[in-house]
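Comments concern the structure below.
The values are calculated or read from the model by the stated rules, or taken from the named source; none is laboratory data. All values reported here derive from a predicted model rather than from experimental measurement. All Cβ positions, even for glycine, are placed from backbone atoms using ideal geometry, and neighbour counts span all protein chains on display. Just so you know, the surface numbers come from the protein's heavy atoms only, side chains and all, with ligands and any DNA or RNA stripped out. Shrake-Rupley method; radii C 1.70, N 1.55, O 1.52, S 1.80 Å.
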Protein chains: 2
Amino acid sequence: MNDFQATPEAFTTMLSQMIPLAGQMGIEATELRPGHAAATIPIEGNGNHLGTMYAGALFTVAEVLGGALALSSFDVTKVYPVVKDLKITFRRPAKGAVTASASITDEQITELAAEAEANGKAQFILSAEVVDEAGELVATTEGTYQIRSHGS
Amino acid sequence: MNDFQATPEAFTTMLSQMIPLAGQMGIEATELRPGHAAATIPIEGNGNHLGTMYAGALFTVAEVLGGALALSSFDVTKVYPVVKDLKITFRRPAKGAVTASASITDEQITELAAEAEANGKAQFILSAEVVDEAGELVATTEGTYQIRSHGS
C-alpha cells in the first residue's frame, strides 16, 4: 500500500529514529503486517528497584503499536497516526522481557482509510495485550488513535 | 510521618535510583509535601520526530506522582504504593518542558492510612494535570493507586 517496507526490522529502525527514547528502551518490533503488530522490550534498563518492569516501559511497548499498525495498514503518504488517549491496566509484575501485540481487522482498515479520505481523519480503538516470556498476561491497554490526512 | 525527608531533591535522587529510566528522562520533583506533588521533565531526549514530547515521557512524569505522594503523605515504614491502572488523555502537543502535578486531601490521607492499617491496603484515584511552560494543559491523567502494608 505504500513505499515503506513495513517489516519488523524497518519499523524498529524507524522507531529509534522517530522516538529515541523507545530506541533506548530496546523496543523491537517482532511482527508487522497489515492489521497486526507486535513488539518486545527487555527488562534490562527498564526495571525498578523491585526487579520488575517499570510501568512507563510497559506503556511504551504497547503504545508504539498504534504507529506500527498505521504504517503497516495504511498509505503513509496519505495519512499519519495520532494517539488521543491510552489506558493501561497492570495485571501482574513483569520480571523479564515482555511482548505487546494488537490487531485491527481488514474491514476496519478499509473503512478507516475511506473515512480518512472523505473526512480528513478517522478514529479507532486499539486494544493491546502485554505478556511475559511464559505467556502470562502482565498488562492490557486500550488506546484511542486517529489517522489524519497530511495537510488536513 | 516517617524518616524519609520528603523534599523534592530527595525524591528526585530516590527516583533515579528506584526507576533508572525516569532518572535518564531527567524527571525532577519540584514540589513535595503531604497531599501534593509536582515534577518536571525536559524536552531534551524525550521528544519525537515532530519536535514534541513523546507520549511515554508525558505518561512517566505524571505516573511517578503517585509514588511521590505516597512518600510524602504516608508512613513508608508501614506502606508502599502500587499503580493499578492509568489513563492518559493527550490535549495538545508539548513543545518544551512540562510539569505534572497532583493532590489528595488531608481527609483522604487520614482515611487511606486508617484503611491500610485495618485492611492491609487502601485504594485511591489520583488525577494529574500536565502543563507546558506557558501553563497550557497538554495532558491529563487518572490513575488508580493502592497503598499496601508491608508484608500484607
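Scanning the stretch A:48-60 for residues being more than 9 Å from chain B (Cβ to nearest Cβ) and out of contact with any Lys or Arg (no Cβ under 6 Å at 6 or more places or on another chain) gives a total of 3.
Return the residue satisfying two criteria in turn: it lies in the stretch B:61-71 and is away from chain A (no Cβ under 11 Å) and touching a Phe, Trp or Tyr at 6+ places or on another chain (Cβ under 9 Å), and of such residues it is surrounded by the most Cβ atoms within 10 Å (Cβ to Cβ). Result: B:LEU69.
Being under 18 Å from A:GLU9 (Cα atoms), under 17 Å from the mean Cα position of the chain (by Cα) and more than 14 Å from chain B (Cβ to nearest Cβ) is a description that does not apply to A:THR105. Note on the stretch B:77-93: among residues that are within 7 Å of another protein chain (Cβ to nearest Cβ) and aliphatic (A, V, I, L, M), the one that is surrounded by the fewest Cβ atoms within 10 Å (Cβ to Cβ) is B:VAL83. Residues that are open to solvent by 20 Å² or more (accessible area, probe 1.4 Å), touching a residue at least 12 places away in the same chain (Cβ under 8 Å) and more than 12 Å from chain B (Cβ to nearest Cβ) within the stretch A:13-31 comprise A:GLU28, A:THR30, A:GLU31, listed in sequence order.
Does A:ALA97 fit the bill of being farther than 16 Å from A:SER149 by Cα and surrounded by 24 or more Cβ atoms within 10 Å (Cβ to Cβ)? Spelling it out, it is not the case that A:ALA97 is farther than 16 Å from A:SER149 by Cα and surrounded by 24 or more Cβ atoms within 10 Å (Cβ to Cβ). Evaluation of B:THR99 against the conditions (1) at pLDDT below 95; (2) within 13 Å of the chain's Cα centre (by Cα) shows that the sole unmet condition is (1). Of all the numbered requirements in (1) open to solvent by 20 Å² or more (accessible area, probe 1.4 Å); (2) more than 17 Å from A:ALA100 (Cβ to Cβ); (3) of a type outside the set (Gly, Ala, Ser), A:PHE74 misses one, and that requirement is (1). Can we say A:GLU44 is open to solvent by 30 Å² or more (accessible area, probe 1.4 Å), over 13 Å from A:THR141 (Cβ atoms) and without any contact (Cβ under 8 Å) to a residue 40 or more places away in the chain? Yes: the conditions hold for A:GLU44. Looking only at the stretch A:32-47, residues that are farther than 23 Å from A:ILE147 by Cβ and either away from chain B (no Cβ under 11 Å) or in contact with a helix residue (DSSP H, G or I) (Cβ under 9 Å, 6 or more places away or on another chain) (or both) come to 7 in all.
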